[in-house]
1. If Ala85 passes every condition in (1) in contact with a Pro (Cβ under 9 Å, 6 or more places away or on another chain); (2) surrounded by 20 or more Cβ atoms within 10 Å (Cβ to Cβ); (3) more than 22 Å from Thr150 (Cβ to Cβ) but one, which one does it miss?
2. Can you tell which of Ala165, Ala100, Ala86, Ala130 is of a type in the set (A, V, I, L, M) and modelled with pLDDT of 95 or more?
3. From Pro9, Pro4, grab the single residue that is open to solvent by 20 Å² or more (accessible area, probe 1.4 Å) and within 18 Å of Glu167 (Cα to Cα).
4. Taking into account only those residues within the range 20-41 that are more than 17 Å from Val107 (Cβ to Cβ) and in contact with a Gly (Cβ under 9 Å, 6 or more places away or on another chain), which is most open to solvent (accessible area, probe 1.4 Å)?
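The values are calculated or read from the model by the stated rules, or taken from the named source; none is laboratory data. The shown structure was predicted, so the numbers you read here are calculated from the model rather than taken from an experiment. Here the Cβ positions follow ideal geometry from the backbone for every residue, glycine too, while neighbour counts run over all protein chains shown. Accessible surface is based on the protein model in full, side chains and every heavy atom, while ligands, DNA and RNA are left aside. Shrake-Rupley method; radii C 1.70, N 1.55, O 1.52, S 1.80 Å.
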Amino acid sequence: MHLPLIPHPTTAAVHGLTLEAQARRAGRVLSLEYTLAGPVEAVLWPEPAGRVHTDELWRTTCFEAFARTAGGYVEYNLSPSGAWAAYGFDGYRQGMRNLAVPAPFIVTRTAPGRFVLTTDVEMPEDATGAVGLTAVIERLDGSILYWALTHPSPEPDFHHRDSLAAEV
C-alpha cells in the first residue's frame, strides 16, 4: 500500500520534496519503506551510527511509525544513520518507556533525487489496527519539515490519536 505523507502546513516550504511510505504487516512484523524524492541533497543526513538504540532521534532527520496497542500505543524512531528507538506509551504522551524489541536492520539506498529507507520492526502482540507513518526531515539550512499521513492538530503532533490513519 503506497501512502503519500504531507508536510505540516506550519513548517517550512517543501521546495519540491515528496515523501511516500509503504507499510505491510505479517503477524507481529511491520515492514516499512519510506521514499523521499526531489532535491534530497538539501537534506541534512545524520552520520552513520550503526544499530544502536538512541534517544531523541526525532531532533533531526528521522522516519517514524506509531501503532495502537490495547493499553496505549508504541512509537518507532528509525534514523538513516542506522540508529533506532522504540517506546511504549500508556496514553497520550504518558507512561513512556523503552520497548523491548529486537534492533531493526535499517537499510538505505540513494540515487540522484531519491532516498529510500526500509526496515522491519517487531510490534507487541496487542498492537492492532491503524498505524501512523511520519517523518522529521531537517534541511541543510536548519529548517525542519514534519511529515505525516494527516495532521489533525494546529501544531505538528505525531502522537495525536487521529494521526494513526492507515489500516495495515
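1. (1)
2. Details: Ala165 fails: modelled with pLDDT of 95 or more; Ala100 fails: modelled with pLDDT of 95 or more; Ala130 fails: modelled with pLDDT of 95 or more.
None of the others qualify; the one that does is Ala86.
3. On the way: Pro9 fails: within 18 Å of Glu167 (Cα to Cα).
On inspection, the qualifying residue turns out to be Pro4.
4. Ranking the candidates gives Glu41 first.
One line per residue, one yes/no per condition, for (1) open to solvent by 30 Å² or more (accessible area, probe 1.4 Å); (2) within 12 Å of the chain's Cα centre (by Cα):
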site	(1), (2)
Leu133	no, yes
Ile137	no, yes
Ile144	yes, no
Asp157	no, no
Ala165	yes, no
Val168	yes, no
